[in-house]
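Working notes, beginning with the structure itself.
Here, each number is a calculation from the coordinates, and none is a lab measurement. Fair warning: this is a prediction, and the values are worked out from it, not measured in the lab. A quick note on method: Cβ atoms are made from the backbone with ideal geometry, for glycine too, and the neighbour counts reach across all protein chains shown.
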Amino acid sequence: MNMASPQSPGTTLRHCKWCGKTERPSQKLKKCAACGYVLYCSKQCQRDGWLEHKEACRYMRESAERASPHYDVEVRPYGFTSAVAFSKALSDWTEAHSLALQLCSQAYVLQLGGVNFVKVPCKYMLVSRLVCRTKPEQRTTERNPATTFVIRSQALTEIEEWTRASPLNAQFWDGTAGEREQVAVRVKEQYGNAYACLMPMLFNCDGVSMSTSLNLPVLHIRKRFPLDSASMDMLKDVITLCIRSIDQGFPLRCPDGSPSPIPVPGHFSRRGGKWVWEPFFADWDDYSPTSVEYPALHQAIAALKTGMSPKHLLAAFLSLQF
């Protein structure tokens, strides 16, 4: 099956912002010296990625300088020593679940009517309200990046309406415009003609003023609209499976070296001082509904309404795409 599937992050949590290389014992990722948020594998990658990052870097640095003491106070009840540490945990969480988040955004777009409805560039953003689950007594090494937050709600919001609602929203949007433009150029190179536009995603955490954002690709699809009822039911199940994988801590990813574009569930564990994703099984064909190892996965599959197996569900969803 020829599928324009989302890019899977593999088994490693953190990657170079520019080239995507993972951290190795011989090559540590280093933070941007200016903002302290994004990671690069080399000075060359930081130089190459500066055009994409510079506006967002300036915005994040200036925002932190204006409100850092206030942000630091807000995150302490969750066990974080600083706003930067909290932001890093939130970034790790979005990276842990990046594939599920991308699948969700694509499914929401298709529910609305596809690329022609959301327009190009996209006139919507997907806003998620989160709750932080970390505790003050937890050590940093005990914070599983896949389980630090849960999604309480998600909603598509018109970008123009959102920016008009608050000067801070408008400032955030303008401050990250350059990064969106550069991300769009790079993502288009990855997906080619399958790429349509970016879907911005915004994450707000209860009790914390800071937000973080992602820009995920929206892909063209094969089928004509409107989709039939069976396809719409399939989209609902894809969203259900993805949200449950996020909230119940079994991230969907493709194992390193896997020839299949269909992700499988797994978990993060500490290996050599780092968090590494390990699949529950190499292929959905190996899934056992009677296994006692992953009860949350059983519950998620039981919640699917179409009766399709996860493998067939995800394959059918990916086959819609260009």
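What the table shows:
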item	result
Calculated FRET efficiency for the pair THR306/ASP206, C-beta based, R₀ 25 Å, to 0.05	0.20
Residue-by-residue Karplus 3J(HN,Hα) for the stretch 247-263, coefficients 6.51, -1.76, 1.60, Hz, glycine and proline x	6, 9, x, 10, x, 8, 8, 9, x, 4, x, 6, x, 8, x, 7, x
Ranked list, fewest to most other Cβ atoms within 10 Å of each Cβ, for HIS312, HIS70	HIS70, HIS312
FRET efficiency, 1/(1 + (r/R0)^6) with R0 45 Å, evaluated for THR290 and SER166 via beta carbons	0.30
Whole-Hz couplings from phi, Karplus 6.51/-1.76/1.60, listed for the stretch 312-319; x for Gly and Pro	5, 4, 5, 5, 5, 5, 5, 6
Cβ-Cβ FRET estimate between ALA177 and SER42, R0 fixed at 30 Å, reported to 0.05	0.65
Residues TYR195, TYR124, sorted so that the one with the fewest Cβ neighbours within 10 Å comes first	TYR195, TYR124
Between the stretch 237-287 and the stretch 127-155, the Cα center-to-center distance that results, in Å	18
3J(HN,Hα) from dihedral phi, the stretch 145-152, Karplus parametrisation 6.51/-1.76/1.60, rounded to Hz, x for glycine, proline	x, 7, 10, 6, 9, 10, 8, 8
Cβ charges +1 (Lys, Arg) and -1 (Asp, Glu), total dipole of the chain, debye	620
Stretchable slack from THR81 to PHE281, in nm (0.36 nm times residue separation minus alpha-carbon distance)	68.3 nm
Longest exposed-site-free window of the chain, the sites being trypsin sites (Lys or Arg not before Pro) in a DSSP loop that have at most 13 other C-beta atoms within 10 Å	29-118
Whether the stretch 157-198 is rounded, prolate or oblate, judged on the alpha carbon gyration tensor where a/c under 1.5 counts as rounded	oblate
Answer label, with Cα Rg over 2.2 N^0.38 Å calculated from the coordinates and candidates (1) 1.08; (2) 1.20; (3) 0.98	(3)
